[in-house]
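The values are calculated or read from the model by the stated rules, or taken from the named source; none is laboratory data. Just so you know, these numbers come straight off a predicted model, no measurement behind them. Methodologically, a virtual Cβ is constructed for each residue, glycine included, from the backbone with ideal geometry; neighbour enumeration extends over all protein chains shown.
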Ligand SMILES: [Zn+2]
């Protein structure tokens with residue numbers, strides 16, 4: 001039986017002096033978290049403003065994480081961009097809150113990898129490959145933010161490779177975290 005592969009972590013202490021101090025935002029938000037099958041939703045409501053930010057591995061969305069080369073890969077990427085830019089395909093906010101989309105952005109960012117130990121054995125090469133995540137932002141304006149209590153996501157229908165969505169939410173009423181799966185797709189913001 002093989003032991004868990006050792007993950008090398010090089011800490012170039014000397015270089016630290018030359019690296020800019022990380023901003024509070026980057027410390028707070030773990031942009032580096034990248035696990036296939038695992039998507040993150042960060043939801044922030046402040047007054048009439050509602051921001052939903054989604055981080056998803058490229059593998060979950062298009063099935064690859066390298067630069068799109070073939071025609072098939074390019075069209076998969078373009079379909080994904082189109083779908084992800086349409087917030088209604090991804091999230092549905094309870095109608096009473098009267099939220100309308102004011103802005104959306106989809107970008108692909110390179111990310112470090114956090115691999116569950118059990119999967120390392122199946123693919124020893126994965127640690128050496130580059131990984132990429134989709135960063136999706138939806139900005140809404142809600143006329144009735146006090147009525148905001150439910151966000152349902154259709155993510156799992158579009159991207160069956162995702163097993164779990166970890167949700168962090170921060171509203172005028174509460175701050176909490178929850179997990180979604182294929183059976184439970186509603187975020188109850190009252191809890
Ligand atoms: Zn990856």
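crowded, with 19+ Cβ neighbours inside 10 Å and touching a helix residue (DSSP H, G or I) at 6+ places or on another chain (Cβ under 8 Å): is that true of residue 153 in this structure? Yes; evaluated as a whole, the condition is true for this residue.
The numbered conditions (1) at pLDDT 95 or above; (2) surrounded by 11 or more Cβ atoms within 10 Å (Cβ to Cβ); (3) on the phi < 0 side of the Ramachandran plot; (4) over 17 Å from the mean Cα position of the chain (by Cα) are all true for residue 70 except (2).
Summed over the stretch 73-95, the residues that are more than 16 Å from the ligand (Cβ to nearest atom) and either surrounded by 14 or more Cβ atoms within 10 Å (Cβ to Cβ) or closer than 14 Å to residue 140 by Cβ (or both) give a count of 14. Residues that are over 14 Å from the mean Cα position of the chain (by Cα) and either within 16 Å of the ligand (Cβ to nearest atom) or surrounded by 19 or more Cβ atoms within 10 Å (Cβ to Cβ) (or both) were ranked within the stretch 29-61; the one that is farthest from residue 178 (Cα to Cα) is 50.
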